[in-house]
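A.B. asks: Below you will find the structure I want to go over with you.
The values are calculated or read from the model by the stated rules, or taken from the named source; none is laboratory data. Remember, predicted model here, so these are calculated numbers, not experimental data. Here Cβ is always computed from backbone atoms with ideal geometry, including for glycine, and neighbour counts include all displayed protein chains.
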Amino acid sequence: MRIGHSYDIHRLESNRDLILGGINIPYHLGLLGHSDADCLLHAIAESLLGSLALGDLGTHFPDTDPKYKGVDSTILLKESYDLVKKKGYTLGNLDCMIYCEAPKLKPHINSMRDNIALLLETSVDNISIKATTFEKLGPIGNNQAIASECTCLVYKKEKFLKYL
Ligand code: MG
């Protein structure tokens, strides 16, 4: 078994869609970035890469590459997980935090979990997403940014089964 971790933050700006966990959330501000700036999917993808010491997200998907301009982050997540699967590993579970002052994310959390479970070909029970505010402190608390963090566990299937 191996563990991975990542953190990502993006600035909130007007004239952008707010996409988190692959879900389009109605709001007057959205996250700014070279891709669709989905900081939750970025943290998940990078924690998966990290679990096998495969480097960071920027190494695999450089923000200087026009190919990734406006890219749907579900593609980055799937491609990152493909690299994990190629090494013979499968996702056990992942646990995420979203740090966000507004909008309220509670009504969207289960849609995000369903979507991510589908993308990672796993049960929704393996996908934990929590959200909290920053108590109006700092750039996140002042609604200038949203950040996400993810810890994941992957395992090599054949080795793991020996112990069951
Ligand atoms: Mg990012």
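A.B. asks: Can you tell me which of (1) closer than 18 Å to ASP125 by Cα; (2) within 15 Å of the ligand (Cβ to nearest atom); (3) without any contact (Cβ under 8 Å) to a residue 24 or more places away in the chain is the one ASP114 doesn't meet?
C.D. replies: Just one mismatch for ASP114, condition (2).
A.B. asks: Under 30 Å from ASN15 (Cβ atoms), modelled with pLDDT of 95 or more and surrounded by 13 or more Cβ atoms within 10 Å (Cβ to Cβ): which single residue out of SER35, SER80, SER51 fits that description? Give the steps one after another, and end with the answer.
C.D. replies: Numbers: SER35 fails: modelled with pLDDT of 95 or more; SER51 fails: under 30 Å from ASN15 (Cβ atoms).
The match here is SER80.
A.B. asks: What is the number of the single condition among (1) out of contact with any His (no Cβ under 9 Å at 6 or more places or on another chain); (2) over 18 Å from GLY50 (Cβ atoms); (3) aliphatic (A, V, I, L, M); (4) touching a residue at least 12 places away in the same chain (Cβ under 8 Å) that LEU94 does not meet?
C.D. replies: Of the numbered conditions (1) out of contact with any His (no Cβ under 9 Å at 6 or more places or on another chain); (2) over 18 Å from GLY50 (Cβ atoms); (3) aliphatic (A, V, I, L, M); (4) touching a residue at least 12 places away in the same chain (Cβ under 8 Å), the odd one out for LEU94 is (2).
Let's see how each residue does on (1) in contact with a Pro (Cβ under 6 Å, 6 or more places away or on another chain); (2) without any contact (Cβ under 8 Å) to a residue 24 or more places away in the chain; (3) within 15 Å of HIS10 (Cβ to Cβ):
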{"position": "CYS100", "(1), (2), (3)": "no, no, yes"}
{"position": "THR132", "(1), (2), (3)": "no, no, no"}
{"position": "GLU135", "(1), (2), (3)": "no, yes, no"}
{"position": "GLY141", "(1), (2), (3)": "no, no, no"}
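A.B. asks: Additional query: Could you grab me the full set of residues in region 19-31 that are of a type outside the set (Gly, Ala, Ser) and closer than 10 Å to ILE146 by Cα?
C.D. replies: Going through region 19-31, the residues of a type outside the set (Gly, Ala, Ser) turn out to be 19-20, 23-29, 31.
Correct list: LEU20, LEU31.
A.B. asks: Test ASP63 against the criterion of being modelled with pLDDT of 95 or more and not in a strand (DSSP E or B), and give yes or no. If you could, list the steps in order and put the result at the bottom.
C.D. replies: Numbers: modelled with pLDDT of 95 or more: no; not in a strand (DSSP E or B): yes.
No: the conditions fail for ASP63.
A.B. asks: Right, next: Among the numbered criteria (1) more than 13 Å from the ligand (Cβ to nearest atom); (2) outside any loop (DSSP other than H, G, I, E, B); (3) touching a residue at least 12 places away in the same chain (Cβ under 8 Å); (4) surrounded by fewer than 18 Cβ atoms within 10 Å (Cβ to Cβ), which single criterion is violated by ASN15?
C.D. replies: (2)
The rows are residues; the columns are (1) at positive phi; (2) within 13 Å of the ligand (Cβ to nearest atom); (3) under 14 Å from the mean Cα position of the chain (by Cα).
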| site | (1), (2), (3) |
| --- | --- |
| LEU20 | no, yes, yes |
| LEU31 | no, yes, yes |
| ASP36 | no, yes, yes |
| LEU41 | no, yes, yes |
| ILE44 | no, yes, yes |
| THR74 | no, no, yes |
| LYS78 | no, no, yes |
| VAL84 | no, no, no |
| LEU94 | no, no, yes |
